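First up is the structure itself, then whatever we jot down about it.
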Amino acid sequence: MTTQAPYLCPKTRILSRRRLKMDYPLYLMLAMPVLLLFVYNYVAMGGIVIAFQKYLPAKGITGSKWIGLKNFETLFTMPGFIRALSNTLTLSLWKIILGIVVPVGFTLMLNEIKSSGVKRVVQTLIYLPHFISWVLLASIFTKLLSGSGIVNQFIKLLGGTPIMFLGDNHWFPFTIIATYVWKEFGYGTIVYLAAISGVNEELYEAASIDGAGHFQQMLHVTLPTILPVIILMTALSVGNILNAGFDQVYNMYNNVVLESGDIIDTLVYRTGFDSGNFGLSTATGLFKSVVSCVLVIASYRIAYKTSGYHIF
């Protein structure tokens, strides 16, 4: 059985052409971003072949020797890889969990503030750290958390023992996670506040008539309404489980805390990229991308099955 293209009457065709002429400036404006996206996100994928080569910049992709899966074998058998993988998963999981819990909790509290002026000021203050680079923040935290820093001075004032936050394998992961959450939770708060703004006010009125207080309204009206957004943000975050934050860790770790602070990215950078092994670095990126893609697809499917919400 053959299918035929749908028939468009002359009037419909004329309307389509008119619509095309009317929207021509919009298509023209969209052409450049689409072209840039194609060049930098799709054409650049051809560089994946470097992961299977002993790549030499002087010879280029076409002249470099093909070595198959040798770079992946080197990656998985690299000394310290298991430790780096474990550290990466630990840091990433805690960042994902707290990166959802803290913004949601703060958003629910911020939503209870009735003054729009105060709410805007708070939103601005918590959102500002998102725009500060880790290079600058690492320098600030190094000063604040050093042995003679203001944090340890305050601990001494209370009669406690100074803590080496950036020089102790026990405290370093906590420091990385805490500083990350402080920097990024403002962005998540903006997202969830936008979701709450779409909640029907009649639901709160109905809950109030039934005798529900602020906490009960928050629990039974606000949370269920923004649940699809929470699920979506969680599903997207799972895809970054092998990205523990290279820029943050690289600028804050040192040789003393390699045991608890060395992640896949810093390990490969230190042992691969520094020695000019671009094939190893590309293989690592490909490995992380494949795992992230699989996890994102799986998390979407699981979220759809367990929540009943259509999130894609």
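Kindly indicate which of Tyr187, Tyr180, Tyr204 is at pLDDT 90 or above, of a type in the set (Phe, Trp, Tyr) and touching a helix residue (DSSP H, G or I) at 6+ places or on another chain (Cβ under 8 Å).
Residue meeting the stated conditions: Tyr180.
Which of the residues that make up segment 122-157 are exposed (fewer than 12 other Cβ atoms within 10 Å of the Cβ) and within 30 Å of Leu219 (Cβ to Cβ)?
Scanning segment 122-157 gives Thr124, Leu125.
Give me the pairs: first residue in segment 232-249 and over 18 Å from Cys293 (Cβ atoms) and without any contact (Cβ under 8 Å) to a residue 40 or more places away in the chain, second residue part of a helix (DSSP H, G or I) and not hydrophobic (A, V, I, L, M, F, W, C), beta-carbon distance under 7 Å, and six or more apart or on different chains, which are they?
Phe246/Asp265; Phe246/Thr266
Might you let me know whether segment 185-201 holds any residue that is small (Gly, Ala, Ser), under 29 Å from Val151 (Cβ atoms) and surrounded by 15 or more Cβ atoms within 10 Å (Cβ to Cβ)?
Checked against the condition, which is being small (Gly, Ala, Ser), under 29 Å from Val151 (Cβ atoms) and surrounded by 15 or more Cβ atoms within 10 Å (Cβ to Cβ), segment 185-201 yields at least one hit.
Considering only segment 17-128, give the helices (runs of 4 or more DSSP H) lying wholly within it that have at least 1 residues that are within 20 Å of Asn277 (Cβ to Cβ) and touching a helix residue (DSSP H, G or I) at 6+ places or on another chain (Cβ under 8 Å).
Here the list reads 60-63, 70-76, 81-111.
Considering every residue within segment 225-237, establish whether at least one is in a helix (DSSP H, G or I), modelled with pLDDT under 85 and more than 29 Å from Thr90 (Cα to Cα).
Within segment 225-237 (the criterion being in a helix (DSSP H, G or I), modelled with pLDDT under 85 and more than 29 Å from Thr90 (Cα to Cα)), the answer is yes, since at least one residue qualifies.
Okay, residues lined up against (1) without any contact (Cβ under 8 Å) to a residue 60 or more places away in the chain; (2) in a helix (DSSP H, G or I); (3) over 21 Å from Val122 (Cβ atoms):
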residue	(1), (2), (3)
Ala138	no, yes, yes
Gly167	no, no, yes
Thr175	no, yes, yes
Tyr187	no, yes, no
Val191	no, yes, no
Leu203	yes, yes, yes
Leu219	yes, yes, yes
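Are any of the residues in segment 239-257 farther than 22 Å from Trp171 by Cβ, touching a Pro at 6+ places or on another chain (Cβ under 9 Å), part of a loop (DSSP other than H, G, I, E, B) and at pLDDT below 85?
Scanning segment 239-257 turns up no residue that is farther than 22 Å from Trp171 by Cβ, touching a Pro at 6+ places or on another chain (Cβ under 9 Å), part of a loop (DSSP other than H, G, I, E, B) and at pLDDT below 85.
The values are calculated or read from the model by the stated rules, or taken from the named source; none is laboratory data. The structure presented is a predicted model; accordingly, all values stated were derived computationally and were not measured. So basically every Cβ, Gly included, is an ideal-geometry build from the backbone, and we count neighbours across all protein chains shown.
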